[in-house]
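Okay, structure first, notes after.
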Amino acid sequence: MFVNFEIAFIDIAILVIYLVLSRLIPLWLNRKQKDDTSGFFLGGRNFVWPLIGFSLLATNVSGASFVGLAGAGYAQGISVYSYEWMAAIILIFFVFFMLPFYLKSGVFTMPEFLERRYDRRSRVAFSGLLIFFATFLGTAGTLYAGALVGLTMFPQVPLWVGVVVLAVLAGVMSIFGGLGAVVISDTIQAVVLLIGGSLVLIATLNAIPSWEAMTEVVPERALHIIQPADDPNLPWPGLLTGLIIIGIYAWTTEQVAVQRVLGAKNLDHGRWGAIFAGFLKLPILFLMILPGTMALYLFPDLQSPDMVFPKLVAELLPTGVKGIILAALVAAITSSVDSTLNSASTLVTMDFVKPFKPTISEHGLVRAGQITTVVVMIIAVIWAPQIIKFSSLWNYIQSILSYVTPPIVAIFLVGIFWKRANRHGAFVTFVLGIGLGVVGFFANEIAGLFPIHFLYAALISFVGSIALHVGVSLMTAPEPDDKLEGLIWTPSLWKTETEELKTVPFWKNYRYLATLLFVTTMVIVIWFW
């Protein structure tokens, strides 16, 4: 499964220079950041929209994305792009309906917002789940996938060495710089990975004789985003059911992503940054997926789809450019890891340390965050190499998100759009919804008792969770009106904002920008329908 990947001294030099500068520059630029909780965990709430957009992209695109998306393009065509364009649509929903409440509440974490809307029980339960995900799925999973990518190219390097190196590179930023340095680093990483993807795309286009020649050898519908209802990977009804639910969790309720926007300078910059991230997601089709599909013409008999990206780099790119691609891979991997590390430290510190030690100083909270980062990093480093022993189980663990995240989405959406939702409904939905989701996962994905696609299972879980939340809320006492002030969306808020936006230039009006993002997204989807 390995590729004969030759690397010259100039490639190593480029990689080393990048590694040094991408650590020193963010730490230096962030050197004046105050040593307090707002500074360490939210960058002083002073992020402008380009930083937010680039950081959201870098956090979402890991090193495995280069290999995985190209491999998916090779094995099943461009249908996997639905995960990318759907993110743009969800980010539009996010800036319209959810982000204003997050920023107005002044919270540090998503579980803290649940406490504001419901109670302490929901905060503790959700935070505990997010910490588990961030440690064992986010950090360890990305370290494992990143080291595996390196192993594919350089089989002589042990897996554990790659895990440790990547963890240290990412940990330095989180421990010493906090979110401010992480976001600056993410911006650098995002630019590098976009450059790297562009270089691979150009090289692949130059290698094939013509687009028409390539289309003659690819399978039927490989160049179509929307697939038939019986497609085993991404049936089109699943886009409107499970995929959108999972996406809402990932982009509007998950701490790793939302934390960047919580640090926005103001609501406008938060909205502009999220919309900018949506635009940045759209080129993924051309930079990471299509090269894999086009590789069917160049390398029709690869043993594994995961060999596509290393093969393209090894065969098509000259010396020197390979170093840039390696830098892009490291950029993608470390930006995801430092984000999950910072997220885990924020959750532990703000959701557990601060409530249990209310008299602790700001410096003490920052120190607790730094210690947490080290602990999570060590646990992830220890666990990551073990994942290779359970590769099939690891795939199952990834798909479990389709079963356990819909109740979380239901709790947030019902809470924001329905005043009558109360704390008892939220907690019961969290416990029973996720518990039943785990049972459904084992019954369907492992035991095979029900032939239900995971995207449809997500919809069933979501609808059931809403019904449970509504039912329990109606059977118990409502929340006091004063507690809900500023936390519920109403049509009157839309009307008031509409009046306010009449004096805003169109290029600053987030509604026009969001409309442009929606139209651009639909043009691409329809073009490759």
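The table below gives the values:
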item: Test result for V321, among the β-branched types (V, I, T) and more than 30 Å from T520 (Cα to Cα); result: yes
item: Hey, I78 of a type in the set (V, I, T) and surrounded by fewer than 20 Cβ atoms within 10 Å (Cβ to Cβ) or not; result: no
item: Failed item in (1) surrounded by fewer than 20 Cβ atoms within 10 Å (Cβ to Cβ); (2) within 19 Å of the chain's Cα centre (by Cα), with A167 passing the rest; result: (1)
item: Residue, nearest to L240 (Cα to Cα), within the range 437-466, restricted to residues that are small (G, A, S) and crowded, with 21+ Cβ neighbours inside 10 Å; result: A458
item: Checking W507 against (1) in contact (Cβ under 8 Å) with a residue 40 or more places away in the chain; (2) farther than 26 Å from G106 by Cα, the condition it does not meet; result: (1)
item: Conditions (1) at pLDDT below 90; (2) of a type in the set (D, E); (3) over 30 Å from A207 (Cβ atoms); number of the one not met by D301; result: (3)
item: For L302: the one exception among (1) part of a helix (DSSP H, G or I); (2) farther than 30 Å from R511 by Cβ; (3) more than 21 Å from the chain's Cα centre (by Cα); result: (1)
item: Residue in the range 192-203 that is surrounded by fewer than 23 Cβ atoms within 10 Å (Cβ to Cβ), touching a helix residue (DSSP H, G or I) at 6+ places or on another chain (Cβ under 6 Å) and under 30 Å from D35 (Cβ atoms) present; result: yes
item: Listing of helices (runs of 4 or more DSSP H) fully contained in the range 59-169 that carry 2 or more residues being more than 30 Å from L517 (Cα to Cα); result: 110-117, 120-132, 140-153
item: Conditions (1) surrounded by 21 or more Cβ atoms within 10 Å (Cβ to Cβ); (2) among the hydrophobic types (A, V, I, L, M, F, W, C); (3) within 25 Å of the chain's Cα centre (by Cα); (4) at pLDDT 90 or above: number failed by I416; result: (1)
item: Test for P318: is it surrounded by fewer than 18 Cβ atoms within 10 Å (Cβ to Cβ), closer than 17 Å to F126 by Cα and either out of contact with any His (no Cβ under 7 Å at 6 or more places or on another chain) or modelled with pLDDT under 85 (or both); result: no
item: Any helices (runs of 4 or more DSSP H) falling wholly within the range 207-283 and containing at least 2 residues that are among the aliphatic types (A, V, I, L, M) and farther than 22 Å from F113 by Cα; result: 211-215, 267-281
item: Those residues of the range 469-488 which are surrounded by fewer than 20 Cβ atoms within 10 Å (Cβ to Cβ) and not in a loop (DSSP other than H, G, I, E, B), in sequence order; result: V470, G471, V472, L474, M475, D481, D482, K483, L484
item: Output for the range 42-70, where each listed residue is surrounded by fewer than 24 Cβ atoms within 10 Å (Cβ to Cβ) and more than 18 Å from the chain's Cα centre (by Cα); result: G44, R45, N46, V48
item: Those residues of the range 480-507 which are within 23 Å of Y102 (Cα to Cα) and touching a helix residue (DSSP H, G or I) at 6+ places or on another chain (Cβ under 7 Å), in sequence order; result: G486, L487, I488, W489, L501
item: So I195, is it under 30 Å from Y297 (Cβ atoms), without any contact (Cβ under 8 Å) to a residue 12 or more places away in the chain and in a helix (DSSP H, G or I); result: no
item: Residue match in the range 351-371 (condition: crowded, with 24+ Cβ neighbours inside 10 Å and under 30 Å from S122 (Cβ atoms)); result: yes
item: Any hit, the range 363-372, residues being under 23 Å from the mean Cα position of the chain (by Cα) and closer than 30 Å to P480 by Cα; result: no
item: So A213, is it surrounded by 15 or more Cβ atoms within 10 Å (Cβ to Cβ) and more than 30 Å from S335 (Cα to Cα); result: no
item: Residue match in the range 130-138 (condition: modelled with pLDDT under 85 and crowded, with 23+ Cβ neighbours inside 10 Å); result: yes
item: Residue match in the range 1-20 (condition: in contact with a helix residue (DSSP H, G or I) (Cβ under 7 Å, 6 or more places away or on another chain), assigned to a helix (DSSP H, G or I) and surrounded by 24 or more Cβ atoms within 10 Å (Cβ to Cβ)); result: no
item: Qualifying residue in the range 337-350 (condition: closer than 22 Å to A70 by Cα, out of contact with any Asp or Glu (no Cβ under 6 Å at 6 or more places or on another chain) and of a type outside the set (A, V, I, L, M, F, W, C)); result: no
item: Residue identified as more than 17 Å from F430 (Cα to Cα) and over 31 Å from the mean Cα position of the chain (by Cα) among K495, K508; result: K495
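Yes/no matrix, rows are residues, columns are (1) modelled with pLDDT under 90; (2) crowded, with 16+ Cβ neighbours inside 10 Å; (3) in contact with a Pro (Cβ under 7 Å, 6 or more places away or on another chain):
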{"residue": "I324", "(1), (2), (3)": "yes, yes, no"}
{"residue": "A332", "(1), (2), (3)": "yes, yes, no"}
{"residue": "T346", "(1), (2), (3)": "no, yes, no"}
{"residue": "V376", "(1), (2), (3)": "no, yes, no"}
{"residue": "I388", "(1), (2), (3)": "yes, no, no"}
{"residue": "W394", "(1), (2), (3)": "yes, yes, no"}
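Conditions tested, residue by residue: (1) of a type outside the set (D, E); (2) under 22 Å from the mean Cα position of the chain (by Cα); (3) under 21 Å from S82 (Cβ atoms).
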residue	(1), (2), (3)
W251	yes, yes, yes
V258	yes, yes, no
I284	yes, yes, yes
L326	yes, yes, no
L341	yes, yes, no
K354	yes, no, no
P358	yes, no, no
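The values are calculated or read from the model by the stated rules, or taken from the named source; none is laboratory data. Fair warning: this is a prediction, and the values are worked out from it, not measured in the lab. Here Cβ is always computed from backbone atoms with ideal geometry, including for glycine, and neighbour counts include all displayed protein chains.
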